[in-house]
Amino acid sequence: EAGVAQSPRYKIIEKRQSVAFWCNPISGHATLYWYQQILGQGPKLLIQFQNNGVVDDSQLPKDRFSAERLKGVDSTLKIQPAKLEDSAVYLCASSFSFDRGSGYTFGSGTRLTVV
Amino acid sequence: GQQVMQIPQYQHVQEGEDFTTYCNSSTTLSNIQWYKQRPGGHPVFLIQLVKSGEVKKQKRLTFQFGEAKKNSSLHITATQTTDVGTYFCAGYRGGGADGLTFGKGTHLIIQP
């Protein structure tokens, strides 16, 4: 099966600019997640979607971050305006169900550098 | 909020030696998952443990879930250079309302 697709792979922007990341999950996976991974740390959950609804966005900095999954398939994460501390890898993941024991499938991520 | 702690942060071993990483959750978990991330790569799912006291093996890797479902360990026997990477545990509290909480990972460095 095809994996989780993410684009772009790399992005360099200046602080206060805006940026958007795109994710296409594995076909049939209802749950989609965006994680932020700062260098040397574990991934941190930003937002979780079930189909096109938000299940958990408690750790999303809503003053600058937004995400949508309008048709319940692909998703976009946006940062506006970016800060230096937003430099990280943004990982998208999808899963079918925890009951299936299949875990998450992660995309290759987008490495964001804010200068 | 839920916290997942892993030790050690770094582990240097000679090729052929064994390796163990430990994971501790601040809350009781519904299940725990383990992921491996190669340098420059993304996390790749290894295994999920669900039952109290569960032990699972994948070739040279042995995974354990504690009786209280708050801790876990990953043991690699006779490490090889292909084992290099960061091993993350990730805890799931259940209910579907939140995603996995990842630990900071253990970076395994192998000297040939």
Positions within the stretch B:51-71 being surrounded by 17 or more Cβ atoms within 10 Å (Cβ to Cβ), under 24 Å from residue A:105 (Cβ atoms) and either among the basic types (Lys, Arg) or within 14 Å of chain A (Cβ to nearest Cβ) (or both), in sequence order: B:54, B:63, B:65
Report, ordered by the first and then the second residue, all pairs with beta carbons closer than 7 Å, sequence separation of six or more or different chains, a first member in the stretch B:35-46 that is facing chain A (nearest Cβ under 9 Å) and more than 15 Å from residue A:41 (Cβ to Cβ), and a second member that is in a loop (DSSP other than H, G, I, E, B) and not hydrophobic (A, V, I, L, M, F, W, C). B:45/A:103; B:45/A:104
Exclusive hit being touching a residue at least 12 places away in the same chain (Cβ under 8 Å), over 22 Å from residue A:18 (Cα atoms) and of a type in the set (Lys, Arg), set A:78, A:71: A:71
Suppose we filter the stretch B:1-21 for residues that are surrounded by 18 or more Cβ atoms within 10 Å (Cβ to Cβ) and over 20 Å from residue A:39 (Cβ atoms); how many remain? 1
Are there strands (runs of 3 or more DSSP E) fully within the stretch B:41-81 with at least 1 residues that are of a type in the set (Gly, Ala, Ser)? List them. B:71-76
Among the residues of the stretch B:84-104, is there at least one that is part of a strand (DSSP E or B), more than 26 Å from residue A:58 (Cβ to Cβ), open to solvent by 20 Å² or more (accessible area, probe 1.4 Å) and away from chain A (no Cβ under 11 Å)? no
Do you know which residues across the stretch B:1-27 are in contact (Cβ under 8 Å) with a residue 60 or more places away in the chain and among the aromatic types (Phe, Trp, Tyr)? B:10, B:19
Taking the stretch A:23-43 and keeping residues free of Cβ contacts under 8 Å to residues at least 40 places away in the same chain and surrounded by fewer than 16 Cβ atoms within 10 Å (Cβ to Cβ) leaves A:27, A:40, A:41
Just for strands (runs of 3 or more DSSP E) wholly inside the stretch A:7-115: which have at least 2 residues that are farther than 25 Å from residue B:88 by Cα? A:10-13, A:19-24, A:53-56, A:65-68, A:75-79
Out of (1) without any contact (Cβ under 8 Å) to a residue 24 or more places away in the chain; (2) surrounded by fewer than 20 Cβ atoms within 10 Å (Cβ to Cβ); (3) touching a Phe, Trp or Tyr at 6+ places or on another chain (Cβ under 6 Å), the odd one out for residue B:30 is which? (1)
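The values are calculated or read from the model by the stated rules, or taken from the named source; none is laboratory data. Just so it is clear, the model here is predicted, and its values are computed rather than measured. No Cβ is skipped: glycine too gets one built from the backbone with ideal geometry, and neighbour counts run over all protein chains shown. These area figures cover heavy atoms from the full protein model, side chains too; ligands, DNA and RNA do not enter into them. Shrake-Rupley method; radii C 1.70, N 1.55, O 1.52, S 1.80 Å.
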